[in-house]
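Peer 1: Below you will find the structure I want to go over with you.
Just so it is clear, none of the values below were taken in a lab; they were calculated from the coordinates. For clarity, every value in this text was computed on a predicted model and none was experimentally measured. Cβ sites come from the backbone with ideal geometry, for glycine too, and all protein chains shown count toward neighbours.
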Amino acid sequence: MTRFVGQGAGKLILTGEHAVVYGWPALAIAVDRGVKATIEATDGPTHAVAGTPDDPRLKAALIQALGREGWRVTLESDLPLGRGMGSSAAIAVALVRARAAAEQRSISPDDVFELAFSIERIFHGTPSGLDHAVSSRGGLLRYVKGPPPHFTPLPCPRLTLVVLDSGSAGNTKDMVDQVRKQGEPAQRILARIGALVPQVEAALNDGPALGALLTQNHALLRELGVSSDRLDQLVQLALDAGAWGAKLAGAGGGGVVIALCADPAPLLASAAQHHIDAFICTPAPPCEVQ
Ligand code: MEV
């Protein structure tokens, strides 16, 4: 049976999560981890093979992405799921590309973005589009949500980012709803996050300055109420181990912390000592048109 494959990269948000939902810019980077979707025609309904996360939204996403019944789908991911690393967007992008491969069509990043948006809505309600913008384009991106969305690819700095997994998933839709319900006080914090973004962009090649801005961004996210004791502890652990700076990355509630390091070894050792899942993420280069 012929198989068709598509890939979608995971992402890490350097700055601007939550604020991006309200029109502020965000900077995010595609990483060397992601989702691989393999599809093959089968009799019967479209279904994901055993071992795929048991998520009730997945069936609707598969139908939306693949257009019809009759596909057997295997999803392989080396992204921790629901941890703010864009796993659902990477699934959407991988499925869109697998379908294009099956239909022997080349597909531009713009088309991948549009098609993946409708799938991402199944998972997150009203996503800004940041996750699948990065997943479909690769590299480092400044993103402003639409309509029409603005994508600005930025030169990729040499960043050593250590990811610390809190061990629990955050629910993006719930976290976005929680911020929305706060009204005006949240908007003031979001504006301060938005004002950080150009500063982060200007500091991309200055590790200590960039690190300090990331830690400031974390403090604002904590004020916004989307951090947790665990995420704050992980930020502190990173700083104690000599990181230039650290912040939660993604919607928060659970998920991961990213730490910018000159030398990741002390942080990785400290994480191991505290039984924290930690790994280095390398930026993934911008994608070619498939
Ligand atoms: C995206 O990973 C995180 C949020 O900014 C939501 C969004 O952009 O849709 C919180």
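Peer 1: List the DSSP H helices in the chain whose Cα atoms stretch 20 Å or more along the helix axis and whose mean Kyte-Doolittle hydropathy is at least 0.0.
Peer 2: Passing helices, by number: 87-102, 109-124, 184-202, 207-224.
Peer 1: So for the chain, Kirkwood radius off the Cα pairs, Stokes-Einstein at 25 °C and 0.890 mPa s: how many µm² s⁻¹?
Peer 2: 129 µm²/s
Peer 1: Per residue Cα convex hull volume for segment 155-203, in cubic angstrom?
Peer 2: 120 Å³
Peer 1: Can you list residues from other chains, or at least 5 along the same chain, whose modelled amide H is less than 5 Å from the amide H of D32?
Peer 2: Residues meeting the criterion, in which the H sits 1.01 Å from N, are T282, A284.
Peer 1: Same structure, new question: Over all Cα pairs of segment 125-218, how is the pair count split among 10 Å bins, expressed in % and running from 0 up to the last occupied bin?
Peer 2: That works out to 12, 36, 44, 8, in percent per bin.
Peer 1: Under the rule a/c < 1.5 gives rounded, and otherwise a/b versus b/c splits prolate from oblate, where does segment 189-290 land using the Cα gyration tensor?
Peer 2: Because its axes are fairly even, with a/c under 1.5, segment 189-290 counts as rounded.
Peer 1: Rounded to the nearest 20 debye, what is the charge dipole size of segment 79-155 about its Cα centre when +1 sits on each Lys and Arg Cβ and -1 on each Asp and Glu Cβ?
Peer 2: Numbers: 8 positive and 6 negative charges, 29 e Å.
I would put it at about 140 debye.
Peer 1: For segment 92-180, which GluC sites (Glu not before Pro) are in a loop by DSSP, counting at most 11 other Cβ atoms within 10 Å? Present the calculation step by step, with values, prior to reporting the outcome.
Peer 2: On the way: sites: E103, E114, E120; in loops: E103.
Hits after loop and neighbour filter: E103.
Peer 1: I would also like to ask the following. Spelling out what I want: for every residue of segment 12-17, take phi, set θ = phi - 60°, compute 6.51 cos²θ - 1.76 cosθ + 1.60 (Karplus), and round to whole Hz; glycine and proline get x.
Peer 2: Once rounded to whole Hz, the list reads 10, 8, 6, 6, x, 4.
Peer 1: Can you pull out the trypsin sites (Lys or Arg not before Pro) in segment 2-108 whose DSSP state is coil and whose Cβ has at most 12 other Cβ atoms within 10 Å?
Peer 2: R68, R105
Peer 1: In Å and whole numbers, how far do the C-alpha atoms of segment 6-151 stretch along each principal axis, longest first?
Peer 2: Extents along the principal axes, in whole Å: 46, 29, 27.
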